[in-house]
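Following: one structure in structure tokens, then a few remarks.
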Amino acid sequence: MSQVQQITVLGATGSIGLSTLDVIARHPQRYRVFALSGFSRLAELEALCMIYRPRFAVAQNAQAARQLQGGLHAAGLTTQVLFGEQGLCEVAAHPEVDTVMAAIVGAAGLKPTLAAVEAGKKVLLANKEALVMSGALFIQAVRSSGAVLLPIDSEHNAIFQCLPGDYARGLASVGVRRIMLTASGGPFRQTPLEQLAEVTPEQACAHPNWSMGRKISVDSASMMNKGLELIEACWLFDAQPEQVEVVIHPQSVIHSLVDYVDGSVLAQLGNPDMRTPISHALAWPQRIDSGVAPLDLFVVARLDFEAPDEQRFPCLRLARQAAEVSGTAPAMLNAANEVAVAAFLERRIRFPEIASIIDAVLNAEAAVAVECLDTVLAADHRARALAEQWLSRRE
Ligand code: NAD
Ligand code: MG
């Protein structure tokens with residue numbers, strides 16, 4: 001590769017955003033930061049702008065943008081500061097951008113990620129919620145724009161690495177029997193069931209193997225993260241929900257596996273550090289140094305596996321049901337989960353009530369077929385309203 005790649009990092013102040021910038025900084029001859037976005041952490045966004053000197057920065061709102069613009073001008077930077085969803089879409093689809101890291105958390109990332117896809121960019125997808133919500137629309141947009149979609153979720157990146165290049169013709173045509181998604185089981189894998197009602201947000205966010213943002217940490221503790229990933233895998237690899245098996249693997253060394261009809265099982269292994277999938281996707285089809293330490297199998301010593309317990313992890317069952325129902329069900333599942341996780345983090349509900357809210361929302365309204373983006377957004381809004389109603393009835 002001769003030309004320097006221009007990169008937009010959506011969600012630059014987050015866990016994935018910072019890991020992406022760490023990798024980019026190791027390869028200044030290959031990558032240049034074109035735009036950075038942040039939301040609530042304006043001081044962090046300003047500090048990143050000082051280091052990476054992007055053409056654009058995107059802040060939460062007009063007031064934050066004015067403040068950031070003032071600070072950057074005073075420091076002699078020519079960075080132009082935009083704001084809000086429109087600003088995010090603009091830097092995602094800008095004609096000078098080659099690659100977009102979609103690392104905003106939750107439904108807020110949907111429109112900017114779709115803007116990158118529709119503009120035919122190389123899109124590195126961390127923001128799984130965007131794909132879970134919009135499913136077929138998202139994949140159709142990838143096909144019609146010619147965008148290159150590469151998974152950042154470690155499991156999906158692992159599966160991508162274990163599949164042959166021509167898997168888009170269908171998993172059966174390349175001899176795949178099933179996909180095995182590994183899951184650590186999170187911090188509550190062995191907590192006595194009766195104690196789950198007492199767990200705190202701090203305990204839920206203390207993941208045994210990965211350091212991540214708060215929302216995905218709670219999703220990992222409830223295993224809704226694996227449920228969202230099951231739906232994500234179905235869309236990315238054109239798989240049926242029953243072709244995707246979830247395997248608990250507490251060491252998080254095997255990032256996922258592909259089972260072929262001849263009995264071969266291919267797996268991708270590595271230390272649990274998101275810079276590996278980020279580097280893989282950034283440089284694909286080449287390989288670059290990520291800064292991740294080599295895997296020491298003698299330190300790992302053993303790899304364990306167990307089946308997930310649906311009584312402990314009801315969110316996994318709810319997500320599988322939503323995947324099977326399809327239509328707007330995954331968007332409703334995701335929206336209800338976002339409201340429930342925020343309520344848990346604010347200590348308004350107990351941990352097991354996350355699943356109760358989602359269950360109630362999914363039962364309150366039937367899913368419909370997805371016609372267009374408005375159908376998805378309406379389902380998202382309706383599910384949020386139903387979840388809020390559940391919360392106010394409880395309080
Ligand atoms: P995080 O909370 O650390 O960062 C989220 C980023 O999104 C921040 O930059 C924040 O400013 C921005 N943001 C939040 N709300 C926003 C809004 N309403 N509008 C615009 N921007 C907003 O989260 P994270 O752990 O980096 O996760 C980001 C995404 O990557 C999530 O979808 C998550 O599921 C996925 N992911 C993360 C990991 C991980 O190891 N952290 C692994 C796999 C997938
Ligand atoms: Mg993952």
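The values are calculated or read from the model by the stated rules, or taken from the named source; none is laboratory data. Computed from a predicted structure; not experimentally measured. Cβ: placed from backbone, ideal geometry, glycine included. Neighbour counts: every protein chain shown.
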- prompt: When you scan region 275-307, how many residues do you find that are part of a loop (DSSP other than H, G, I, E, B), at negative phi and out of contact with any helix residue (DSSP H, G or I) (no Cβ under 6 Å at 6 or more places or on another chain)?
  reply: 14
task: Report whether or not Gly263 is surrounded by 15 or more Cβ atoms within 10 Å (Cβ to Cβ) and assigned to a loop (DSSP other than H, G, I, E, B).
output: no
message: Suppose we keep only residues that are under 22 Å from the mean Cα position of the chain (by Cα) and polar (S, T, N, Q) within region 7-60. Which one would you say is farthest from ligand 1 (Cβ to nearest atom)?
response: Thr8
query: Regarding Gln190, is this residue assigned by TED's automatic domain parsing to the domain that holds Asp309, surrounded by fewer than 21 Cβ atoms within 10 Å (Cβ to Cβ) and without any contact (Cβ under 8 Å) to a residue 24 or more places away in the chain?
result: yes
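Tell me, which residue of region 4-23 that is touching a residue at least 40 places away in the same chain (Cβ under 8 Å) and among the polar types (S, T, N, Q) is farthest from Val33 (Cα to Cα)? Before the answer, list the steps.
In the first step, residues of region 4-23 are kept if they are touching a residue at least 40 places away in the same chain (Cβ under 8 Å); the result is 5-12, 14-17, 19-20, 22-23.
This time we only want the ones that are among the polar types (S, T, N, Q), so: 5-6, 8, 15, 19-20.
Working: Gln5: 8, Gln6: 6, Thr8: 6, Ser15: 17, Ser19: 13, Thr20: 10 Å.
Among residues in region 4-23 that are touching a residue at least 40 places away in the same chain (Cβ under 8 Å) and among the polar types (S, T, N, Q), the one farthest from Val33 (Cα to Cα) is Ser15.
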- request: Filter region 158-175 for residues that are away from ligand 2 (no atom under 16 Å from the Cβ) and of a type in the set (Gly, Ala, Ser) and give the result.
  value: Gly165, Ala168, Gly170, Ala172, Ser173, Gly175
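Which one is surrounded by the most Cβ atoms within 10 Å (Cβ to Cβ), of the residues in region 105-133 that are over 20 Å from Trp284 (Cα atoms) and within 16 Å of ligand 2 (Cβ to nearest atom)?
If we filter region 105-133 for residues that are over 20 Å from Trp284 (Cα atoms), which is where we start, we get 105-112, 114-115, 118, 129-133.
When the remaining residues are screened for being within 16 Å of ligand 2 (Cβ to nearest atom), the result is 105-106, 109, 129-132.
Numbers: Val105: 22, Gly106: 21, Gly109: 25, Glu129: 29, Ala130: 27, Leu131: 31, Val132: 27.
Among them, the one singled out is Leu131.
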statement: Of the residues in region 133-175, those that are more than 14 Å from ligand 1 (Cβ to nearest atom) and hydroxyl-bearing (Ser, Thr, Tyr) come to Ser144, Ser145, Tyr167, Ser173
- line: Looking across region 217-242 at residues that are among the charged types (D, E, K, R) and touching a residue at least 24 places away in the same chain (Cβ under 8 Å), the single one that is nearest to ligand 1 (Cβ to nearest atom) is Asp219
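Name the one entry in Gly146, Gly71, Gly135, Gly120 that is within 21 Å of the chain's Cα centre (by Cα), modelled with pLDDT of 95 or more, farther than 30 Å from Asp259 by Cβ and not assigned by TED's automatic domain parsing to the domain that holds Ala342. Steps first, please.
Values: Gly146 fails: within 21 Å of the chain's Cα centre (by Cα); Gly71 fails: within 21 Å of the chain's Cα centre (by Cα); Gly135 fails: farther than 30 Å from Asp259 by Cβ.
Exactly one residue qualifies, and that residue is Gly120.
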query: Given the structure, is Glu245 touching a strand residue (DSSP E or B) at 6+ places or on another chain (Cβ under 7 Å) and away from ligand 1 (no atom under 15 Å from the Cβ)?
result: yes
- prompt: Which of the residues spanning region 134-157 are more than 16 Å from ligand 2 (Cβ to nearest atom) and part of a helix (DSSP H, G or I)?
  reply: Ser134, Gly135, Ala136, Leu137, Phe138, Ile139, Gln140, Ala141, Val142, Arg143, Ser144, Ser145
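Okay, residues lined up against (1) in contact (Cβ under 8 Å) with a residue 24 or more places away in the chain; (2) surrounded by fewer than 17 Cβ atoms within 10 Å (Cβ to Cβ); (3) of a type in the set (Gly, Ala, Ser):
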site	(1), (2), (3)
Asn334	yes, no, no
Glu338	yes, no, no
Arg350	yes, yes, no
Ala355	yes, no, yes
Asn363	no, yes, no
Ala369	yes, yes, yes
Leu373	yes, yes, no
Arg382	yes, no, no
